[in-house]
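Below you'll find the structure, written out as structure tokens, and then a few comments.
Just so it is clear, none of the values below were taken in a lab; they were calculated from the coordinates. Just so we're clear, the structure is a prediction, and the values are computed from it rather than from any experiment. Glycine gets a Cβ as well: all are built from the backbone with ideal geometry, and neighbour counts include every protein chain shown.
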There are 4 protein chains.
Amino acid sequence: MKKISVGIVGGTGYTGVELLRLLANHPQAEVRMITSRSEEGVAVADMYPNLRGIYDLRFSVPDSAQLKTCDVVFFATPHGVAMSMAKELSEAGVKVIDLAADFRIEDLAVWQKWYGMAHTEADLFKDVAYGLPEYYRESIKQAKIIANPGCYPTSIFLGILPLLKAGWIKPDNIIADGKSGVSGAGRGAKVDMLGAEMSESFKAYGIAGHRHHPEIQEKLSHLSGQEIGLTFVPHLVPMVRGMESTIYATLSEDKTQAQLQALFESAYQNEPFVDVMPAGSLPETRMVKGSNMCRLAIYRPANSSQVVITSVIDNLVKGASGQAIQNMNILFDFPETLGLNQVALLP
Amino acid sequence: MKKISVGIVGGTGYTGVELLRLLANHPQAEVRMITSRSEEGVAVADMYPNLRGIYDLRFSVPDSAQLKTCDVVFFATPHGVAMSMAKELSEAGVKVIDLAADFRIEDLAVWQKWYGMAHTEADLFKDVAYGLPEYYRESIKQAKIIANPGCYPTSIFLGILPLLKAGWIKPDNIIADGKSGVSGAGRGAKVDMLGAEMSESFKAYGIAGHRHHPEIQEKLSHLSGQEIGLTFVPHLVPMVRGMESTIYATLSEDKTQAQLQALFESAYQNEPFVDVMPAGSLPETRMVKGSNMCRLAIYRPANSSQVVITSVIDNLVKGASGQAIQNMNILFDFPETLGLNQVALLP
Amino acid sequence: MKKISVGIVGGTGYTGVELLRLLANHPQAEVRMITSRSEEGVAVADMYPNLRGIYDLRFSVPDSAQLKTCDVVFFATPHGVAMSMAKELSEAGVKVIDLAADFRIEDLAVWQKWYGMAHTEADLFKDVAYGLPEYYRESIKQAKIIANPGCYPTSIFLGILPLLKAGWIKPDNIIADGKSGVSGAGRGAKVDMLGAEMSESFKAYGIAGHRHHPEIQEKLSHLSGQEIGLTFVPHLVPMVRGMESTIYATLSEDKTQAQLQALFESAYQNEPFVDVMPAGSLPETRMVKGSNMCRLAIYRPANSSQVVITSVIDNLVKGASGQAIQNMNILFDFPETLGLNQVALLP
Amino acid sequence: MKKISVGIVGGTGYTGVELLRLLANHPQAEVRMITSRSEEGVAVADMYPNLRGIYDLRFSVPDSAQLKTCDVVFFATPHGVAMSMAKELSEAGVKVIDLAADFRIEDLAVWQKWYGMAHTEADLFKDVAYGLPEYYRESIKQAKIIANPGCYPTSIFLGILPLLKAGWIKPDNIIADGKSGVSGAGRGAKVDMLGAEMSESFKAYGIAGHRHHPEIQEKLSHLSGQEIGLTFVPHLVPMVRGMESTIYATLSEDKTQAQLQALFESAYQNEPFVDVMPAGSLPETRMVKGSNMCRLAIYRPANSSQVVITSVIDNLVKGASGQAIQNMNILFDFPETLGLNQVALLP
């Protein structure tokens, strides 16, 4: 069977190299082009030596005519770039998977406030699916454009939605305390992301407001059919990869620990990339490092009315590039796990 | 002026070596003996080479007669040891500062449940003060025995008590999401604390229950005069030192961000070791590494009714040995900051 | 084609879990049993949660009869175990691949001195090959027992042998300055390997003598046909995986940087797992993390007579389990790279 | 006694904040001004929150008239700045301590080659001392300008000079394998120093040539009175602070391990900041973290003719700001250890 042809726009960042790593062993996809204005002509393997001997691609200037020859184009770009090319590619029959935020939020007034630019492609949303397969699989199958979810949102959705959809918790006071490794901040040179600055230190950031907040809130409301009150505080962990979210909610009806466990196991029993760990487990980010898995555990401490979920993903895989490939597999009717069987690197 | 004479019981762990580091430059205290059954005869500087040239003490077997010649004895021991010696030392006029948990919880039924042993010294509690100077300074001055607070409790108390004492938050649903560096787990050889296990990973632990939970709950209730509902989830951060707590509470009356800031600044204006950072600040654990400071910031995100406090300490200093010395200073009527002017090591 | 049947003896350590990770995606091998006396009955995925959903094996007590049903048995055991079972398995036609040191050194007097036990199986050496495919491939093909090389030796051999075999350097004064991540110390609970001890620190160790020294010396002498003078100092790096060796040698004849580069490129042009990087490159351990590659660069600084090679591997892959599978592939006449196409995890 | 008045030019980098940390507790020195063009008006404590409550200085634009009111001015600037102001300050009687390289190398042709600029102040060298107190104490006392040594040179000098001065080693083939934490690369925003890039990885760099090579070579030659052949390869360690050098040399005469130990102990018996550890010790960088100590050990492995020294310092203290203050103490006839009694932070 002929492989599908893949293009990557803006592949110099961490989600770009992670797409390349994961696609290198995908049996049905072949990366044909990868673009970067600033690195034109540079061999991909020179920028990312882990790819030496695996790819002999060079970065090229993004060119619509060229990209239209692909079956699917991933955008691993700053916000706003996918928006500018999605229509043309989509009309040409090319599937678009945006790892940035251009199509994540349907309320464009909210989007414009948080992303600081005008959204020019409101009419495209009819062809967009939010790329969280566990909750939007059917719409992904029909979509032309995939809004690949943010990393924090992914880890939080998978942790809280079974409860919210079951109606077992109060929707007005959900707290999500998120923690991310530094690769989440990207490959740009910033003083506060220097190794000498972030190592051996821990901090909250974005307390006053973070772009993932409205994304989470909109989708939770949409999927549960009610207004959601959410407090979200992200934190920076001195490690490269990995994301953990500890989610707190108040039970609206009395449910035992066993009932909670059963609810989650039932919700995800057919999901290849969500692992509800046995009661009492303590998920660690290293249990998913380099893999597309989300592992989670649910607790009701001290029989109080509070329920606590801890959910771990690799921010660059299930939180970005792996989930994007999962979406590609759905779009092209491949087995959803194709090429995504990487075992987490432990230790 | 003659220096006071200091004994340390059980000084082979991290709080022991930290006491030695901090006391090395204390102008009014001199460490005269340090005990360890297992390391008898070993030079302190052989176990802790950072102390080479600074101390020529050797570990000795704990001996009551010897310890009674001290003015103050610190217990940096497993739980239960201080309890067994406190009466005899205290009656001999020796001040006792326990860095373990023997005198932290007055409700002995609770204590016995969490610490798995009988508490034999209920009658000593009349001479005990809980060693959190910012809230128990007067009772510390009168005490013979100091229960030095746990690290998580310290970081959480300093963050939530101004609000709780002011009556601005609902007391029944406080959430404390704590994060600690691995030195908090001590110097015992445990597989899950190996560098190859904990590095580059993040996890929650003790979700079902942690010994610091009843300690926090009791003191919060005591200090605020009401029952407290607390959910506490600790996490392990891949770093050596440092502790951050993100605390969530619901406002019971409408207060602006500015009013919240003013409340905290007022509460701690005379406290040498609590730094209320300017509005919008993001405390990092490295801002207090090696120092006795607690730095904190308070937020009311998105004008919701949730208030968020982030509080950072060095778990081995303000969270243990530094606070113990602060208590010693109070007991002996020294300036409270004496010997505790270490500037945090940054970077 | 029927898959070969694989047994792993002693799979609770890091080389054991790494064998499982790598073999999970090997198309021609299936792990049928994994043994551990201490963990009998425990599910592999309970000990190593990265394997949840991938293996449903449980640890069993090692049993010769069972192991004889395998086509190949890996020993990921303490030194001395493989020696005790190799004869029986080998006579039963089972290929043995020992990741420990039992068959690495032919001079048994030397072996006994360094490993502190008697070597009882001298007669087996006729069937043993030293499992460094780049230099012993032909003998591996014929062997019944593979002595999988140590991690330091692997990184050093690949770096120095082209020069030594070409006769371009003085053999009497080679210096190898090796650096290893902490996973090299294994999964045993040791105080000095705690995260709170090894993080944010760097040290030399084993300066007075290290077990890999005689192994390196014997094989270098054997392969180059002359006595070798080697100084080897290992160091511990505060990271989990990765090994770098900086090797210093004195040129015995004048060779340009270009000639040196050409020598190495020629030596390894057909080797799938040795990457001679372009002149001026600086190999980093993360360029091989999780992969079976060795990447190296060669320098002649300041036109002195000193040549410097820097060579990086993942100590658990090319330095242990990956190389073991590479040897398995050779033994069973599979393509040498089968199942070993993992791309290094970067960042 | 009146405190001396201290100015710091260019205090925004890591050596600047480290000077501030160390001087905060110096009983005879007071920092009166700190300059930075880019950060004019910014409070020092806003840039370095570890200094909150300790300094209320603000960065000012460097101004000669102001700086001349100081007793001593430290230059924590890029190379070339101290050169431009040293004459004027020095003539005004202000002592100059340059933490950059402007006066480290007397052979100005060499300097110009490595630092890429013309050296305009050759005539000042008559007033310059190289600020390595252990070997240049007398000339420091007489000097007006101190060239504070590089970090690698400091760690290597202290390790090799006893042997070189005793004439016990061959001078033509010294190998120094250096390793540094990332704070050595400074606070500039560079992609390869991002936490996501340098964490969990190890590499050699500067193999083809490093600026510290000519500095080491010149001073070794000067102090030993002979030409020195040196190979120097620096490496980057994934930690913030700390530097280790492993130095290899060939004995020119037969000396026992005990003789080597005695030589070093004798050489440094009166040195407050050099600790010759007992035979068999393994110095770790954490044994000196935050302190001005150098700790070292000497080995003669396997009775070969190779001698191995391992030497550890904190690159920001004895390798930069601490040594600068040590030099200040000598210049002003203070006790050499004044204000430098910080105990290393361990763990």
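List of remarks:
- Relative contact order for the stretch D:152-314: 30 percent, from Cα pairs under 8 Å spaced at least 6 residues apart, divided by residue count.
- Entry note, chain A: the mean residue ellipticity at 222 nm calculated from DSSP H runs of n ≥ 4, each adding -39500 (n - 2.57), is -8500 deg cm²/dmol after division by the residues and rounding to the nearest 500.
- Per-residue shielding of A:238-249, expressed as the average number of other chain Cβ atoms within 10 Å of the residue Cβ, stands at 6.
- Helix C:322-331 and the longest principal axis of the C-alpha atoms of chain C enclose an angle of approximately 80°.
- Comparing B:287, B:83, B:117 in a Gaussian network model of chain B, where Cα atoms under 10 Å apart are tied by springs, the biggest mean-square fluctuation is seen for B:117.
- Helix B:81-91 axis versus longest C-alpha principal axis of chain B: approximately 70°, rounded to the nearest ten.
- Whichever aspartates and glutamates have a C-alpha closer than 18 Å to that of residue B:165, once near sequence neighbours (fewer than 8 apart) are set aside: B:134, B:138, B:215, B:218, B:227, B:253, B:254, B:265, B:271
- Cα pair distances in chain C, grouped into 10 Å bins until the bin that holds the longest one, percent each: 5, 26, 35, 24, 8, 1, 0
- Across the stretch C:217-230, rounded Karplus estimates of 3J(HN,Hα) from the backbone phi angles (6.51 cos²θ - 1.76 cosθ + 1.60, θ = phi - 60°) give 4, 4, 6, 4, 5, 4, 6, 9, x, 7, 5, 10, x, 10 Hz, Gly and Pro being marked x.
- In order along the stretch D:34-43, the Karplus-derived 3J(HN,Hα) couplings, from 6.51 cos²θ - 1.76 cosθ + 1.60 at θ = phi - 60°, round to 9, 10, 6, 5, 6, 10, 3, x, 6, 6 Hz, and Gly and Pro are given as x.
- Order of B:61, A:31, C:182 under a 10 Å beta carbon neighbour criterion, fewest first: B:61, A:31, C:182
- Three-way shape call for the protein assembly as shown based on the alpha-carbon gyration tensor, with the a/c threshold at 1.5: rounded
- Springs join every pair of Cα atoms under 10 Å in this Gaussian network model of chain B, and among B:22, B:194, B:67 the largest mean-square fluctuation is at B:194.
- Using C-alpha pairs under 8 Å with a sequence gap of at least 6, the mean separation divided by the residue count of chain D gives a relative contact order of 17 percent.
- Set C:255/D:170; D:113/D:170; C:126/C:255; A:318/B:179; A:170/B:203 screened for pairs whose C-alpha atoms are more than 32 Å apart: C:126/C:255
- Rounded to the nearest 20, the Cβ-based charge dipole of the stretch C:152-315 about its Cα centre (Lys and Arg +1, Asp and Glu -1) stands at 240 debye.
- Selection from B:199, B:210, B:299 lying farthest towards where the dipole of the stretch B:152-315 points positive, charges on Cβ: B:199
- Shielding score for A:8-20, defined as the mean number of other chain Cβ atoms within 10 Å: 1
- Ordered by the count of other Cβ atoms within 10 Å of each Cβ, fewest first, B:203, B:2, A:190 give B:2, A:190, B:203.
- Average partner coverage of B:286-292, which counts Cβ from other chains inside 10 Å: 5
- Rounded to 10°, Cα long-axis angle of helix D:257-267 versus longest principal axis of chain D: 30
- Whether the stretch D:122-183 is rounded, prolate or oblate, judged on the alpha carbon gyration tensor where a/c under 1.5 counts as rounded: oblate
- The H on the amide N of residue A:35, modeled in the peptide plane, is under 5 Å from the matching H of A:8, A:9, A:10, A:11, A:60, each at least 5 residues off or on a different chain.
- Which of B:299, D:152, A:136 has the fewest Cβ neighbours within 10 Å, and the rest in rising order: A:136, B:299, D:152
- The packing ranking, built from the mean of other Cβ atoms within 10 Å per residue, places the peptides B:319-328, A:325-334 in the order B:319-328, A:325-334, highest first.
- Nearest-0.05 FRET efficiency for residue C:66 and residue C:46, computed from C-beta distance (R0 25 Å): 0.75
- Across D:191, D:307, D:72, mean-square fluctuation computed from a Gaussian network of chain D (C-alpha pairs under 10 Å connected) peaks at D:191.
- Distances from residue B:279 to itself in the other copies, using label points 7 Å out along the Cα-Cβ axis, amount to 4.7, 6.3, 6.8 nm in increasing order.
- Plainly put, the tip 7 Å out from Cα toward Cβ on residue A:3 is 2.4, 6.8, 7.2 nm from that tip on each other copy, the closest given first.
- Amide H contacts under 5 Å for residue B:295, placed H, 5+ residues apart: B:275, B:312
- Filtered GluC sites (Glu not before Pro), the stretch B:180-267: DSSP coil and at most 14 other beta carbons within 10 Å: B:227, B:253
- The magnitude of the dipole of the stretch C:112-207, with charges of +1 and -1 set on the Cβ of Lys/Arg and Asp/Glu and taken from the Cα centre, is near 140 debye.
- For residue B:80, inter-copy label distances in nm, listed shortest first [label point 7 Å out on the Cα-Cβ vector]: 3.4, 6.5, 6.8
- Summarising the rotation from chain D to chain C, the nearest chain D beta-carbon to the axis and its distance in Å are given as D:177, 2.
- For the protein assembly as shown, a simple Cβ point-charge model (Lys and Arg +1, Asp and Glu -1, everything else neutral) yields a dipole of about 0 debye relative to the Cα centre.
- Whole-Hz Karplus values for the stretch B:66-72 come out as 5, 5, 5, 7, 8, 7, 8 Hz, taken residue by residue from phi with 6.51 cos²θ - 1.76 cosθ + 1.60 and θ = phi - 60°; glycine and proline positions read x.
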